[in-house]
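The values are calculated or read from the model by the stated rules, or taken from the named source; none is laboratory data. Only a predicted model underlies this, so the values are computations on that prediction, with no experimental measurement involved. Cβ placement follows ideal geometry from the backbone for every residue including glycine, while neighbour counts extend to all protein chains displayed. Surface areas here come from the heavy atoms of the whole protein model, side chains and all, with no ligands, DNA or RNA. Shrake-Rupley method; radii C 1.70, N 1.55, O 1.52, S 1.80 Å.
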Amino acid sequence: VALENLEDVAGSLEQSQWEYVKKYADRLNLRPTEWDTKFDNSLKQVFDYRFGQRPVANLSRTLRQVTFRGMLGGNISSALRNLSQGVNTYSKLGEKYTATGYMKLVTKGTKELREQGILRDNFIQDRVLSVTKKTMQRIDKGLFAFFDMAEKINRGAAYFGAKSKALAQGLDETQAIEFAKKIVRDTQFLYSNVDIPLMMQGDLMKVMTQFMSYPVKQTEFLAEMAKNKEIAGLLRYAVGGLAFVYSAGKLMNMEPKEFI
């Protein structure tokens, strides 16, 4: 529905702005880029339609799925590293409400998180594109069980901690939930097509930038804090990161540079 509004506002946009918005909308609608189309035509000249109408899209999707499964599937160490994203929550909420978030996640579970859509956007969302075979779905569920668990912990702690802080500040239940959702988005990020930078979209670019979404999001997070002069939050991020590296991170041979 939102895409229908683009035509209404097109007249007020400067040409370069409109071109950017159009490309962005094309990516949301899964339309190929100019380079994708050129490669599609080249491949069809050689292989005809053996790889379908959109061979680049089909081949890149398969390659990304294989890469995700091969590098992250069943990888406990990478899943545990994902828990370090809790430092973002700490940088925003501080000691009291970060601890409250983790405690309430243990006592309340994930029911409210599911009801509020907190677990909807998955860290490894891209891996499930066009996975329709039930056998493959079951395999993926097992391969990424550790990642899913880490995501529930990260997002759940951020949600419950932020909601508790909002309620303590006098907000009502509805306002507290909206504030909590914002903190989850800010600290744990979203990875849908809407939230990925334009330069990283398109079938070819998705292959070349497959594991860059998180570093880009993390850089944006820290840059935003610096721009807003959230000095206390940046200090908490630095202290929390070092604490994680030299405690749980030791088990995974983490180094401080992994937080840079």
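Annotations
- Any hit, the stretch 60-73, residues being touching a residue at least 60 places away in the same chain (Cβ under 8 Å), surrounded by 14 or more Cβ atoms within 10 Å (Cβ to Cβ), β-branched (Val, Ile, Thr) and not in a helix (DSSP H, G or I): no
- Considering only residues in the stretch 103-128 that are in a loop (DSSP other than H, G, I, E, B) and surrounded by fewer than 16 Cβ atoms within 10 Å (Cβ to Cβ), the one that is modelled with the lowest pLDDT turns out to be Arg120.
- Residue match in the stretch 149-164 (condition: open to solvent by 20 Å² or more (accessible area, probe 1.4 Å), in contact (Cβ under 8 Å) with a residue 12 or more places away in the chain, part of a helix (DSSP H, G or I) and more than 15 Å from Thr98 (Cα to Cα)): yes
- Selected residue [over 21 Å from the mean Cα position of the chain (by Cα), open to solvent by less than 90 Å² (accessible area, probe 1.4 Å) and modelled with pLDDT of 90 or more] from Thr33, Thr100: Thr100
- Residues in the stretch 204-249 that are surrounded by 13 or more Cβ atoms within 10 Å (Cβ to Cβ), more than 15 Å from the chain's Cα centre (by Cα) and over 25 Å from Ile76 (Cα atoms): Leu204, Met205, Leu222, Met225, Glu230, Gly233, Leu234, Arg236.
- Verdict on Leu171 being of a type in the set (A, V, I, L, M), in a loop (DSSP other than H, G, I, E, B) and either crowded, with 19+ Cβ neighbours inside 10 Å or modelled with pLDDT under 90 (or both): no
- Residue tally, condition part of a helix (DSSP H, G or I) and at pLDDT below 85, over the stretch 1-26: 10
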